[in-house]
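The values are calculated or read from the model by the stated rules, or taken from the named source; none is laboratory data. Since this is a predicted model, take the numbers as computed values, not measurements. Note: accessible area is taken over every heavy atom of the protein model, side chains too, but ligands, DNA and RNA are not part of it. Shrake-Rupley method; radii C 1.70, N 1.55, O 1.52, S 1.80 Å.
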Amino acid sequence: MEDPTPWEAIRSIQAGVQRMEAAQALYVTQDQRASDKENQDLKLTALAKDQAEDRARLDSLTRNAWTALIAPLIVGVVLYFLLGGKT
């Protein structure tokens with residue numbers, strides 16, 4: 001067989017280097033994995049805290065609605081019927 005020309009050898013080496021660079025870019029170390037997991041855990045904790053705050057706010061709004069609107073309306077209707085409902 002013939003020996004490759006210098007230009008063919010260079011192209012072959014460059015292709016090998018590009019394959020190695022691509023493989024190295026996709027390589028994930030254990031440290032990177034641990035760091036990514038820690039970031040995800042922090043985001044999940046923050047999301048859970050925000051969700052708990054939203055739930056507390058919604059519960060407070062529901063209690064206030066019962067106290068300010070619905071309960072007095074029910075009491076008014078009951079009193080209306082108990083007092084005879086005369087108009």
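Tabulated data for the structure shown
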{"item": "Residues located in segment 20-43, provided they are small (Gly, Ala, Ser) and open to solvent by 70 Å² or more (accessible area, probe 1.4 Å)", "result": "25"}
{"item": "Counted residues, segment 44-67 - those being of a type in the set (A, V, I, L, M, F, W, C) and open to solvent by 70 Å² or more (accessible area, probe 1.4 Å)", "result": "5"}
{"item": "Entirely in the chain, the helices (runs of 4 or more DSSP H) that have 1 or more residues that are of a type in the set (S, T, N, Q)", "result": "6-26, 30-65"}
